[in-house]
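Participant: The structure under discussion is supplied below as structure tokens; questions concerning it will follow.
The values are calculated or read from the model by the stated rules, or taken from the named source; none is laboratory data. Because the structure is predicted, anything quoted here is derived from the model rather than measured. Here Cβ is always computed from backbone atoms with ideal geometry, including for glycine, and neighbour counts include all displayed protein chains.
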Amino acid sequence: MSLDSRTGTHTEVSPEQQAREQELVDRVLRSFDGAPDARLREIMQSAARHLHAFARDVRLTEDEWKLGIHFLTAVGHITDDRRQEFILLSDTLGLSMQTIAINNEAYAHATEATVFGPFFMEDSPAVEQGGDISFGAAGEPCWVEGTVTAVDGSPLPEARIEVWEADEDGFYDVQYDDDRVAARAHLFADDQGRYCFWGITPTPYPIPHDGPVGRMLGAVGRSPMRASHLHFMVTAPGYRRLVTHIFVRGDDLLDRDSVFGVKESLVKDFSRHQVGTPTPDGRALDGRSWSRTRFDIVLAPSECAVAAGGTRSVPAQQTREIPLAAHR
């Protein structure tokens, strides 16, 4: 029994028709038997098997198949070196988060990972402890502090902490046309694993929805809005690279983030402070209110370190190339 997409009802498929369809599936799968790369063969056969199962399950019509092809073609056409619509599609279908879940298995109480997002840039500016990553980006100042430790609680001095976020208007620096660098930087944990910096209070914003992915979300009644968040990428020798966010407790979008990135362990309190309230480092904020949050980061050991029976002796791969895939 299958769902007929034309009528929305389940229909019986005759044994003869099922056999005809299965025979095609079997032929397609056999066509990959000679692939010299066993992993590629596994992936292609599984992809073909599931694609055929999907088409058979919904009884896909030829018109619907054409519409799907047109949609994917549009996704390709709008993608360039500044906008990666395929990543956006993966994000909105939850595939990005599923891939992260598969590749970042739970380890003790290590901090959970979430989506990387499209707005990371290599070579961010460095700031010192207590520095300001905003570099003039619009938004309410936010004091962020915490520690970076191993699962046994030992501090990780010199852990590299990359941070980036949108401004209060919902835009990242790469979405502007003036080559600014703002609301992003990196710093290093001190000898006790501590870190602190000034950023801006995260606010909600929509993912780019002026293209085919946005039209898909509109067609199914979904919002393009992302819950308020601040990005982190943390690396230290011998430890698994952590890519994650922190989210603002009380944000109305926590349960309907458009890319399914929210995890309860990453939802943090952002305390709000009125104009004139003394700041942690004595900084004068020129009559502005500010917020404060704490994020203690726990890194899991790298696979190599685990295999070696330790958590700190084997260098981790920290320099995996990450392509810029900014959406405009």
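Participant: Which members of region 121-180 meet the condition of being farther than 24 Å from Ser271 by Cα, surrounded by 20 or more Cβ atoms within 10 Å (Cβ to Cβ) and of a type in the set (D, E, K, R)?
Facilitator: Asp173
Participant: Here's something else I'd like to know. Of the numbered conditions (1) among the small types (Gly, Ala, Ser); (2) surrounded by fewer than 11 Cβ atoms within 10 Å (Cβ to Cβ); (3) part of a helix (DSSP H, G or I), Ala106 fails exactly one; give the number of that condition.
Facilitator: Failed condition: (3).
Participant: Checking the conditions here, which among Arg328, Arg288, Arg292, Arg320 is at pLDDT 95 or above and over 20 Å from Thr147 (Cβ atoms)?
Facilitator: Just one listed residue meets the conditions, Arg288.
Participant: Which one of these is free of Cβ contacts under 8 Å to residues at least 12 places away in the same chain and surrounded by 16 or more Cβ atoms within 10 Å (Cβ to Cβ): Gly199, Gly214?
Facilitator: Being free of Cβ contacts under 8 Å to residues at least 12 places away in the same chain and surrounded by 16 or more Cβ atoms within 10 Å (Cβ to Cβ) holds for just one of Gly199, Gly214, which is Gly214.
Participant: Here is a list: Glu112, Glu62. Which entry is acidic (Asp, Glu) and within 14 Å of the chain's Cα centre (by Cα)? Walk me through how you get there before you give the answer.
Facilitator: On the way: Glu62 fails: within 14 Å of the chain's Cα centre (by Cα).
Among Glu112, Glu62, only Glu112 is acidic (Asp, Glu) and within 14 Å of the chain's Cα centre (by Cα).
Participant: When both residues are 6+ apart or on different chains and their Cβ atoms are under 6 Å apart, which pairs have a first residue that lies in region 273-298 and is of a type in the set (Asp, Glu), and a second that is part of a strand (DSSP E or B)?
Facilitator: Matching pairs, first to second residue: Asp296/Gly146; Asp296/Thr147.
Participant: For region 175-187, indicate whether the set of residues that are under 18 Å from Asp296 (Cα atoms) and of a type in the set (A, V, I, L, M, F, W, C) is non-empty.
Facilitator: Yes, there is a match, as at least one residue in region 175-187 is under 18 Å from Asp296 (Cα atoms) and of a type in the set (A, V, I, L, M, F, W, C).
Participant: Continuing with the same structure: Just a yes or no: is a residue in region 275-289 outside any loop (DSSP other than H, G, I, E, B) and within 17 Å of Gly199 (Cα to Cα)?
Facilitator: no
Participant: Is it true that some residue in region 181-190 is aromatic (Phe, Trp, Tyr) and in contact with a Lys or Arg (Cβ under 8 Å, 6 or more places away or on another chain)?
Facilitator: Yes, the conditions are met somewhere in region 181-190.
Participant: Further question: Determine the pairs where a residue that is not assigned by TED's automatic domain parsing to the domain that holds Val298 and surrounded by fewer than 19 Cβ atoms within 10 Å (Cβ to Cβ), located within region 245-270, has a partner that is charged (D, E, K, R) and assigned to a helix (DSSP H, G or I) with Cβ atoms under 7 Å apart, the partner being 6 or more residues away or on another chain.
Facilitator: Partner pairs satisfying both residue conditions: none exist.
Okay, residues lined up against (1) aliphatic (A, V, I, L, M); (2) modelled with pLDDT of 95 or more:
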{"site": "Glu112", "(1), (2)": "no, yes"}
{"site": "Gly131", "(1), (2)": "no, yes"}
{"site": "Trp143", "(1), (2)": "no, yes"}
{"site": "Val151", "(1), (2)": "yes, yes"}
{"site": "Ser154", "(1), (2)": "no, yes"}
{"site": "Arg160", "(1), (2)": "no, yes"}
{"site": "Ala166", "(1), (2)": "yes, yes"}
{"site": "Asp178", "(1), (2)": "no, no"}
{"site": "Thr201", "(1), (2)": "no, yes"}
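Participant: For region 10-98, list the helices (runs of 4 or more DSSP H) that sit wholly inside it and hold at least 2 residues that are surrounded by 15 or more Cβ atoms within 10 Å (Cβ to Cβ) and touching a residue at least 60 places away in the same chain (Cβ under 8 Å); which are they?
Facilitator: 62-78, 85-92
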